[in-house]
Amino acid sequence: MRLVPINCIKENSYLAQPLYDGEGRILLKKGVNLNESLLKKVEEIGVYSLYIMDEYSDQEIEDIIKPQMRIRAVKTIKDTFKTFEQSFQQNQQSKKIKQLEQEKEKQIGSLKDVSRGIVDEILSNRNIMINLVDIKSLDNYIYEHSMSTAVLSLVLGIELGLNKNELYDLCIGAMLHDIGKAFIPKDILFKENRDKKEQLLVQAHCQKGYNYLKDNSEISGLVKIIVLQHHEHVDGTGYPSGLRDAQINKLAKIVAITDQYDKLTSGSPSQKPVPPHEAIEYIMGAAGRYFDFKMARTFVHKVVPYPIGTLVKLSNGDVGVVDEIFDKFPLRPRVRIIRQNANRIEMEFIELMKEINLVIEGILHEVPNVSVQHYLKTR
């Protein structure tokens with residue numbers, strides 16, 4: 001299966017993964033034929049890319065956690081955000097405040113249960129690679145982004161050797177890292193071109209979230225620090241406090257990387273998504289400036305930027321399909337290419353591990369040379 005932008009999906013392609021709404025209900029079933037009408041409706045709800053099964057790839061890619069766990073976690077995060085937002089907005093009616101405090105305690109308990117389930121599920125498969133971009137809708141973006149950041153953070157945290165208690169805190173902190181955005185007007189939060197004043201208001205979500213959680217005894221100090229520090233940079237240019245390397249908590253450093261990667265690859269209400277390989281280039285380019293260098297390097301080694309079935313263009317001009325991924329070297333896969341000579345067409349497998357002078361220049365969504373297109377189909 002391949003991740004393809006909506007505007008590049010051809011009619012009569014087939015959906016490779018179910019599409020869910022904000023309550024976890026299936027909007028489109030796996031295998032549905034994607035006609036023009038369906039694609040238009042999908043775009044209208046703020047989904048800009050889909051996984052499709054087509055002639056180039058019929059291999060499924062397994063998610064890091066089961067769909068049922070992801071759906072449960074997103075709903076728990078959403079309910080928690082809504083409860084905290086209601087509590088923040090509530091006036092001083094003592095009866096109502098008491099009821100909301102009980103609801104907050106219940107939601108925090110649910111978050112802890114979900115975090116334990118996610119940690120245990122990921123720990124059962126320690127060698128898992130990050131090869132999927134989570135599909136998000138505009139209405140549910142913050143909650144789905146929080147969930148994806150938590151999963152990515154755990155993959156990195158496990159690779160860095162964190163203990164189980166640290167992983168629980170990391171998971172909850174990542175799920176709540178944007179809780180301060182619940183207290184910012186949505187029209188500003190989702191605005192594409194903010195002015196300086198609006199941008200400062202959005203940046204204040206770190207401090208707002210921390211201030212809201214700081215007196216809650218049910219939430220650990222490490223979770224609160226993640227909420228406060230996840231936009232700090234190791235060179236001191238981040239916010240809200242301009243902290244430098246050693247001053248930033250290691251769990252917050254992890255979330256800083258995974259938060260940015262997920263925003264880049266799945267897009268946001270204010271920016272279109274970029275391919276995983278471009279996101280990796282950004283993360284490594286900012287390593288040592290924005291992100292902890294060792295952590296950034298470890299993270300990119302866990303990401304598969306070109307999953308099997310991806311159409312790619314090589315630096316020598318060849319076009320091919322990624323055929324096999326090698327552990328520890330996800331940027332150097334085996335690629336099935338087609339060469340058209342004067343008298344014949346030849347199919348060849350190139351292992352980029354061996355062809356050190358060749359690199360992948362970028363991802364394609366359709367084959368430019370239609371005369372050899374059928375040779376790249378799944379075989």
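The values are calculated or read from the model by the stated rules, or taken from the named source; none is laboratory data. Quick caveat: nothing in here was measured; it's all calculated off a predicted structure. Cβ: placed from backbone, ideal geometry, glycine included. Neighbour counts: every protein chain shown. These accessible areas exclude ligands, DNA and RNA; they are computed on the full protein's heavy atoms, side chains included. Shrake-Rupley method; radii C 1.70, N 1.55, O 1.52, S 1.80 Å.
Quickly estimate the mean residue ellipticity at 222 nm for the chain, helices only: each DSSP H run with n ≥ 4 gives -39500 (n - 2.57), and the total goes over all residues, rounded to 500. Each step should come with its number before you reach the end.
Details: 12 runs with 158 residues, N = 379.
So the calculated ellipticity at 222 nm is -13500 deg cm²/dmol.
Taking every protein chain into account, the accessible area of the chain amounts to 48 square angstrom per residue (probe 1.4 Å).
Express as a percent, rounded to the nearest 5, the fraction of DSSP beta bridges in the chain (both residues included) that run antiparallel.
Working: 31 of 33 bridges.
Restricted to the chain, the bridges split so that about 95 percent are antiparallel.
Summarising the amide proton neighbourhood of Q17: residues at separation of 5 or more, or on other chains, whose placed amide H is nearer than 5 Å comprise G31, Y51. Compute a Gaussian network model of the chain, connecting alpha carbons closer than 10 Å, and tell me which residue from Y212, Y141, Y168 fluctuates the most. So, out of Y212, Y141, Y168, the one fluctuating most is Y212. Think of segment 108-250 as having a plus end and a minus end, set by charges on the Cβ of Lys, Arg, Asp and Glu; of N140, A150, N216, N216 sits farthest toward the positive end of this dipole.
Among I254, I283, I350, the largest mean-square fluctuation in a Gaussian network model of the chain (Cα springs under 10 Å) belongs to I350.
Report the local net charge at A182: Lys and Arg +1, Asp and Glu -1, summed over other residues whose C-beta lies under 14 Å from its C-beta. Mind dumping the intermediate values first?
On the way: positive: K78, K82, K104, K181, K186, K208; negative: D79, E85, D178.
That sum, taken over residues with Cβ under 14 Å, equals +3.
Computed from the Kirkwood radius of its Cα pairs, the Stokes-Einstein diffusion coefficient for the chain at 4 °C and 1.567 mPa s stands at 59 µm²/s. Mean separation of Cα pairs under 8 Å and 6 or more residues apart, divided by the residue count, gives segment 208-327 a relative contact order of 16 percent.
Summing Lys and Arg as +1 and Asp and Glu as -1 over all other residues whose Cβ lies under 14 Å from the Cβ of L222 gives a net charge of +3. Taking 7 Å steps out from each Cα toward its Cβ at K196 and E121 produces label points 4.6 nm apart. Averaging the sequence gap over all C-alpha pairs within less than 8 Å and six or more residues apart, then dividing by the number of residues, gives the chain a relative contact order of 14 percent. Taking 7 Å steps out from each Cα toward its Cβ at D318 and K106 produces label points 6.1 nm apart. The amide H of G362, built 1.01 Å from its N in the peptide plane, has K313 as neighbours under 5 Å, considering only residues 5 or more places off or on other chains.
Of the solvent-accessible surface of the chain, computed with a 1.4 Å probe over protein heavy atoms with every protein chain present, carbon and sulfur atoms account for 47 percent.
Treating only the Cβ atoms of Lys and Arg (+1) and Asp and Glu (-1) as charged, compute the dipole magnitude of the chain about its Cα centre; round to the nearest 20 debye. If you can, show how the numbers build up before the last one.
Values: 51 positive and 51 negative charges, 145 e Å.
So the magnitude is around 700 debye.
Each of I71, Q260, Q107 was placed along the dipole of the chain (beta-carbon charges, centred on the mean Cα), and the one lying farthest toward the positive end is Q107. Where a Cα-Cα gap under 13 Å defines reach, which aspartates and glutamates qualify for K313, not counting those fewer than 8 residues away within the same chain? List returned: E361, E366. For K294, the aspartates and glutamates whose Cα comes closer than 16 Å to its Cα, not counting residues fewer than 8 places off in the same chain, are E159, D235, D245, E281. Within a straight-line Cα-Cα reach of under 26 Å, K30 can be paired with the following lysines, leaving aside sequence neighbours fewer than 8 residues apart in one chain: K10, K40, K41, K66, K75, K78, K136, K263, K272, K377. Placing a pseudo-label 7 Å from each Cα along the Cα-to-Cβ vector at S241 and T298 gives an inter-label distance of 2.3 nm. What the Cα atoms of segment 266-341 give is an Rg and a Dmax of 14.7, 48 Å.
If r is the Cβ-Cβ distance from K250 to C8 and R0 is 51 Å, what FRET efficiency results, to the nearest 0.05?
Values: r = 39 Å, r/R0 = 0.77.
Computed FRET efficiency for K250 and C8: 0.80.
Go ahead and set up a Gaussian network model of the chain, Cα springs under 10 Å, then flag whichever of I26, I179, I226 fluctuates most. Top of the fluctuation ranking is I26.
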